[in-house]
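All remarks here apply to the structure that follows.
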Amino acid sequence: MAQNTDILDRVMGAAPVIPVLIVEDPAKAVPMARALVRGGLPAIEITLRTPRALEAIRAVAAEVEGAMVGAGTVLDAFQYDEAVAAGATFVVSPGATGALIEAASGHDVPLLPGAATASEVMRLLEAGYSRLKLFPAEAVGGANLLRSLASPLPAARFCPTGGITEKSAPTYLALPNVVCVGGSWIAGADAIASGDWAGIEARARLAAALS
């Protein structure tokens, strides 16, 4: 089954930035997500990098109106199944393997797979995947790489993630093949741990206004 671009277009087109989050305490997830939605960033990615990340996804999916919560750092079919069961709207991976593409084909919840080279983008396009994540964006060439890919691979649309900041985001967003960017600066671990919901909402508003 090809990539469900309808869902991903809604997710990627909802705002210029998708916050990429590391959540240690699921109790913080709901007020954090509400602050992001109030600030204009309804699509959020909670990475599976902590033991209770799935609990956080489940809580946001159940309790935060207007949020489109995704599961990030999904590496295999088992994690994919768990993310879907927790209520994830979309799934994000740092790269793409045959097994992960096969797992995605069994779900309506779409995969946003990572790519870092022209060959990887070509293989994903062949597999029916045109909405992609460039990762790790800054480390593999960033905006210059995306600018170079735009002409030979015009079907690919990207959400670059990895090392992007509020200052560098507009450079990416100006590119014709970039729909949005992923960023962790809006809700860092310290802000989440301290419950700085006002600060997160304020940074979300600034990010939502980027172009």
*Keeping the other protein chains in place, figure out the carbon and sulfur percent of the accessible area of the stretch 1-99, with a 1.4 Å probe.*
53 percent
*the stretch 111-211 - percent of accessible surface contributed by carbon and sulfur, probe 1.4 Å*: 56 percent
*Can you give the charge dipole size of the chain about its Cα centre, rounded to the nearest 20 debye, using +1 on the beta carbon of Lys and Arg and -1 on the beta carbon of Asp and Glu?*
560 debye
*Cα gyration tensor of the chain - equivalent ellipsoid semi-axes, whole Å, descending*: 25, 21, 13
*asked:* Ignoring everything except DSSP H segments at least 4 long, calculate the 222 nm mean residue ellipticity for the chain; use -39,500 (n - 2.57) per segment, divide by total residues, nearest 500.
replied: -12000 deg cm²/dmol
*Keeping all protein chains in place, calculate the accessible area per residue for the chain (probe 1.4 angstrom), answer in Å².*
42 Å²
_Quick check: the distance between the Cα centres of the stretch 39-86 and the stretch 111-130, to the nearest angstrom?_
22 Å
*Excluding Ala191 itself, what net charge comes from residues whose Cβ is under 11 Å from its Cβ, given Lys and Arg +1 and Asp and Glu -1?*
-1
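The values are calculated or read from the model by the stated rules, or taken from the named source; none is laboratory data. Remember, predicted model here, so these are calculated numbers, not experimental data. With ideal geometry, Cβ positions are generated from the backbone for all residues, glycine too; neighbour counts draw on all protein chains shown. Side chains are part of the model used for accessible areas, which takes the heavy atoms of the whole protein and leaves out ligands, DNA and RNA. Shrake-Rupley method; radii C 1.70, N 1.55, O 1.52, S 1.80 Å.
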